[in-house]
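The values are calculated or read from the model by the stated rules, or taken from the named source; none is laboratory data. The model shown is predicted, which means the values in this text are computed figures rather than measured ones. FYI the Cβ positions are ideal-geometry reconstructions off the backbone, even for glycines, and counts take in every protein chain you see.
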Amino acid sequence: MPEFDLLMPQTLPEALEMLGDRAPDLTPLAGGTNVIVYMREDRHRYKMLMDLTRLNELHGVRREDGHLVLGSATTIAELLTDPLIAEHGALLRQAAAVFASPLVRNRATVGGNLVDASPAADTAPPLLVMNAEVELASQKGVRRVPMDEFMVGVNETLRQPEELLVSIRWPLPATRSAGGFSKIGLRKGAVCSVVSAAVMVEKDEDGLCQSARIALGAVATRPIRAYAAEEILVGQPLKPQIIDLAGQLSAETVKPIDDIRGSADYRRRMVEVLVRRLLSRAAQEIVPRE
Amino acid sequence: MDHSKFNVLGKATQRKDSVAKVTGSERYSIDIQLPRMIYGRILSSPYAHARIKGVDVQDAEAMGAVCITFDDIPHVRYNERIITIPSVLHKDHFILADKVRRMAEAVAAVAAETEALAEKAVRAIKVEYEPLPVLIDPFQAMQSGAEPIYDTILWGEEEIQVENNIACSRQVEEGDVDQAFAEADVIVEGTFKTPKIYHAQMEPKSVVCRPESDGGLTIWPTTQSIHNVRILLGEIFNIPLSKVNVKRVPIGGTFGSSIQMNSVIPICAALALKARRPVKLTLTREEDMHDHTRYGTWIALKLAAKKDGTLLGAKMELVADIGAHNIQPYSFLGVCVGWLVSLYKLPNVRYRGTAVYTNKAPSCAMQGFGNPQVTFAAETLMDELAEKLGTDSLELRLKNYIGLGDTFWGQGPLVRSIVQSDGVPELLRQGAEIIDWENRPKPGSQSGRFRRGVGLARGFHTSSAGAPQPGDVIDFSGAMVKVNQDGSVDVITALMDHGGGTLDALAKIAAEALCVPLEKVNLAPAETRSTVYDCVTHATRGVYAGGGAVLKAAEGVRQELLETAAHYLNVMPDALTLKLDKQQSQGVVYAPSIPEKRMTISEIATRCWTESWKTIATVESYRPVNCPPAYVTVFVEVEVDTWTGEVRTKRAAMGSDCGTVINPDMAVGQLEGGLSKGMGYALCECNQWEPDGQIASRGYWVDAKTPAIGETPYVQDIHSYFADSYEPSGPFGAKGIGEAATNPVAAAYANAVYNAINIRFYELPITPEVILKAVEEKGQSK
């Protein structure tokens, strides 16, 4: 592995100062499950790395103004045990349960997964359908960016070099809502998604679909929403016919590629299967009006 | 058979290495630390095919690293697998590449004080390459005008030209094939394709080499044969074998991948000799995935049969993708026809096998050495033949299989013996009952999302490569058994245990033969200078041949115990016998007719010691003169999801005829492991290569497609059972099990998927994507 300098700030202001002075030569390092791999295979050369693990400000999960706020250095493994995530972020927990392998889950962080911006990032589809925003801090202040805008392409985000992703927040899910996450890999464990999908639906008092959000991973240059499919569900009873149609429309939205993990055609077909399966399950989960 | 007459055989006993393994105190090659030891790294080629124009190690040496390049190594060509006799051995390999022929091939190597410095130094080496066209397809490689991967190689001691990148070929013809096909009522045929998959052994290949002051070497390697490593190192470095000492180190799984001397071993030896210090060299996982695979094959098979189901003959053409080096495809081609003609009675057979070089990872042995590939083809066609004839495929198999009294040459044309134990009918009948074979679905009878299918395949592996004549395969074992002063026993053998418990079986055989409690039998650490030769643990031979050697030595010890006791007791030796006294928890020599004439083994050994007489010990070599088939039948029930193409294993019945079962727990483990590995081969595993010769997974587990625990069938869904069988030529009636357990599995899955969705697959793996596409093309998707 090539040599590099490692900075180890103790507080967030210190970290932002280091970034402000040294960006773009300074790269933040959280769990290292991507950065170290890139370094070993010479895909990237990093002059300086900044270790984020000592910044208490990036850890913890809390409720705040009807939102759940998640520190960006929260590990994937922590998502599996945190009671607030269990209650208000069930989809993210589902994604965490099938995220890579236990060893990687112990190191990898939610913030790192989003900043790496792989089209197959497993935390992205749940956050997209939960209408999450990311908070980016720099010496100039803090700004919020909606999830659907944050990732712009393969390994590309709106984060500026001097900014640090500090937290992720989403509104607490409504009572008559339900959702789910599912992925298809080359095997069940220790895999990247060949296709991943998350859905979130909310019913009104009459049991009709009030809102629907569908997000898909590994089928475009970034995790995407299937807006066309979402729109046809609104105002409708969530019956098999309309769910089938939403599945088809989702499959039409995507622009997958052929690679080692699967063909574009297979991915398109699996989008249809996953969306159909997740919507059916979610529709049944929401308890009908008494 | 009735195990009650045995003291320890047939009973579940705890492995002697189990505590060390589960507590992490077992020391593998990678754990070896020596004083003054330094660390090696190899420089992996970034090209799959290139001439090396120059190597500049100045900067690396300036960092204090010891460097070796092609100029520093002995220019001796060798074959790292020496199981075939020297005169028919192809040799194309140097310690470091003379020319790069595959991705990540070692071009140079360094050794330095720390791993970090070694890594830094290896990156500082400058190599000038001249890239050459890369050949990843064997059929393109065979075309005239294709870039030659080799100009010449050695065949024995003779230098021969390589034409059209063909490494070697073999033809076999027996009987009158043309007449058999002319007389046939039915002919079935298919062209089958199987992938080059990675062994996925847990332990990365590692070695520690220490140069000795007498010019010799001590080596702690990952290997399946310490003696073959010694012979090769002696030959390459021109050191007397008496000065090359190779230690037996526990292996973290191999699946065949260490049957040859691993590529790191001679590199590390060269580094240690140059540095004059002990060196450790370990492959990274990425390097290891480029280092070895199973043989990829194309098999065109035709079977001819009469209306009544009697097989008449076969034609088989096989092309093997051997990758960049020759790790004995000559014997691979030989056994591949052996697998076919020893599976079913095929008196007339025409075979041509061709082994082709490509710029890919070298193919070497992997669980079955061609047997899973050939059995996939043969057992698929047997299913098709049964369907054509309108007969039950189980009955068709029973009618034609090679069984009791038949000639058997699984290990190739020169390794012939007669079958003396045969549990096949019992295995088939019992498995059919467990899986409810009679009521399996009719192909094409199902619709809807989930479809159930039941598949059957049978197979075997040879127990050793023994034969009445020497032949061209080297196969014999050796063992030493000695009685210690307190009556405990040391078993000393060079045999390797890949993790399946082979050495424990040997300890049990010694305990049984000497009527000694198992806990008093010790498996002594082994090294080449203090053990007699054992060829290699492969060919499902560990228990049968290695155990045979231990039994032979133990019988010598038993005889000496009787004679020694006869001397002390003043009784004729023939009047004495040996039994386990359970109350005293030790063996007792006694005269049945004169009860007071008795001595425990401990008393005998103690007197021999205190009266300054002798150690009771025997050393023996043992050549198996038979090669009995270890039979396995596999029934598997699957559920195919026609929405996603996924195949789930619902149930399996794994039946084994391994003769006397030495340890039932471990034998069941072999069957479960065989099912698991075979399932991966059938449904998921496939190394794909980019046009530039890079593995598409780049050597990362994440995309290596090896199944994990999530895909493995649940243990409670696997019904393992054993035939009531006794092999007359085996130690206490035992034969092998390991590779047999996996050989038919892929075929059973292919047949089960056919049964579920009425579509035949001729190419492995049968992935969800492949199934989905086929279902769609057949218009059955809804």
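A few remarks follow.
- Pair list, Cβ under 6 Å, 6 or more apart: the range B:703-722 residue more than 14 Å from chain A (Cβ to nearest Cβ), other residue among the charged types (D, E, K, R): B:717/B:651; B:718/B:672
- Checked against (1) of a type outside the set (Asp, Glu); (2) within 30 Å of residue B:744 (Cβ to Cβ); (3) out of contact with any strand residue (DSSP E or B) (no Cβ under 8 Å at 6 or more places or on another chain); (4) more than 14 Å from chain A (Cβ to nearest Cβ), residue B:658 meets all criteria but (3).
- In the range A:267-281, the residues that are within 11 Å of chain B (Cβ to nearest Cβ) and of a type in the set (A, V, I, L, M, F, W, C): A:270, A:273, A:274
- Enumeration of residues in the range A:134-157 that are in a strand (DSSP E or B) and touching an Asp or Glu at 6+ places or on another chain (Cβ under 7 Å): A:136, A:137, A:138, A:142, A:144, A:145, A:146
- Of the candidates A:58, A:114, A:52, the single residue that is under 19 Å from residue A:162 (Cα atoms), touching a residue at least 40 places away in the same chain (Cβ under 8 Å), crowded, with 19+ Cβ neighbours inside 10 Å and over 18 Å from the mean Cα position of the chain (by Cα) is A:52.
- A single entry from B:185, B:151, B:178 fulfils the requirement of being modelled with pLDDT of 95 or more and within 35 Å of the chain's Cα centre (by Cα): B:151.
- Within the range B:625-642, being farther than 19 Å from residue B:681 by Cα and either at pLDDT below 95 or surrounded by 24 or more Cβ atoms within 10 Å (Cβ to Cβ) (or both) holds for B:625, B:626, B:627, B:628, B:629, B:630, B:631.
- The range B:368-408: number of residues that are within 21 Å of residue B:256 (Cβ to Cβ) and not in a helix (DSSP H, G or I): 3
- Residue identified as assigned by TED's automatic domain parsing to the domain that holds residue B:394, within 16 Å of residue B:458 (Cβ to Cβ) and either in a loop (DSSP other than H, G, I, E, B) or in contact (Cβ under 8 Å) with a residue 60 or more places away in the chain (or both) among B:746, B:756: B:746
- Failed item, numbered, when residue B:408 is tested on (1) within 23 Å of residue B:139 (Cα to Cα); (2) crowded, with 21+ Cβ neighbours inside 10 Å: (1)
- Within the range B:2-22, residues that are touching a residue at least 24 places away in the same chain (Cβ under 8 Å) sit with their Cβ atoms under 7 Å from residues that are of a type in the set (S, T, N, Q), at 6+ positions apart or across chains, in these pairs: B:9/B:660; B:10/B:660; B:12/B:663; B:13/B:663.
- Within the range A:79-100, the set of residues being part of a helix (DSSP H, G or I) and touching a residue at least 12 places away in the same chain (Cβ under 8 Å) comprises A:79, A:84, A:85, A:88, A:90, A:91, A:92, A:93, A:94, A:95, A:96, A:97.
This table checks each residue for (1) outside the structural domain of residue A:106 (by TED's automatic domain parsing); (2) among the hydrophobic types (A, V, I, L, M, F, W, C); (3) out of contact with any Asp or Glu (no Cβ under 8 Å at 6 or more places or on another chain).
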site: A:30; (1), (2), (3): yes, yes, yes
site: A:35; (1), (2), (3): yes, yes, yes
site: A:38; (1), (2), (3): yes, no, yes
site: A:42; (1), (2), (3): yes, no, yes
site: A:45; (1), (2), (3): yes, no, yes
site: A:62; (1), (2), (3): no, no, yes
site: A:65; (1), (2), (3): no, no, yes
site: A:68; (1), (2), (3): no, yes, yes
site: A:71; (1), (2), (3): no, no, no
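- Criterion: in a loop (DSSP other than H, G, I, E, B) and at negative phi - qualifying residue of B:446, B:430: B:446
- Of all residues in the range A:238-252, those being within 14 Å of chain B (Cβ to nearest Cβ) and either charged (D, E, K, R) or out of contact with any helix residue (DSSP H, G or I) (no Cβ under 9 Å at 6 or more places or on another chain) (or both) number 1.
- Condition check for residue B:720: hydroxyl-bearing (Ser, Thr, Tyr), in contact with a strand residue (DSSP E or B) (Cβ under 8 Å, 6 or more places away or on another chain) and crowded, with 24+ Cβ neighbours inside 10 Å: no
- Considering residues of the range A:253-266 that are out of contact with any Asp or Glu (no Cβ under 9 Å at 6 or more places or on another chain) and in contact (Cβ under 8 Å) with a residue 24 or more places away in the chain only, the residue nearest to the other protein chains (Cβ to nearest Cβ): A:254
- Residue in the range A:251-265 that is of a type in the set (A, V, I, L, M), more than 21 Å from the chain's Cα centre (by Cα) and surrounded by fewer than 16 Cβ atoms within 10 Å (Cβ to Cβ) present: yes
- Criterion applied to A:207, A:189, A:235, A:180 was being within 14 Å of chain B (Cβ to nearest Cβ), over 30 Å from residue A:25 (Cα atoms) and surrounded by fewer than 24 Cβ atoms within 10 Å (Cβ to Cβ), and the one residue passing it is A:189.
- Qualifying residue in the range B:550-557 (condition: in a loop (DSSP other than H, G, I, E, B) and of a type outside the set (Lys, Arg)): no
- The condition of being away from chain A (no Cβ under 14 Å) and at pLDDT 95 or above does not hold for residue B:682.
For every residue, the table says whether it meets (1) of a type outside the set (Ser, Thr, Tyr); (2) under 27 Å from residue A:221 (Cα atoms).
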{"residue": "A:75", "(1), (2)": "no, yes"}
{"residue": "A:81", "(1), (2)": "no, no"}
{"residue": "A:98", "(1), (2)": "yes, yes"}
{"residue": "A:104", "(1), (2)": "yes, yes"}
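Per-residue answers, yes or no, for (1) part of a loop (DSSP other than H, G, I, E, B); (2) farther than 27 Å from residue B:681 by Cβ:
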| residue | (1), (2) |
| --- | --- |
| B:209 | no, yes |
| B:213 | yes, yes |
| B:220 | no, yes |
| B:224 | yes, no |
| B:231 | no, yes |
| B:236 | no, yes |
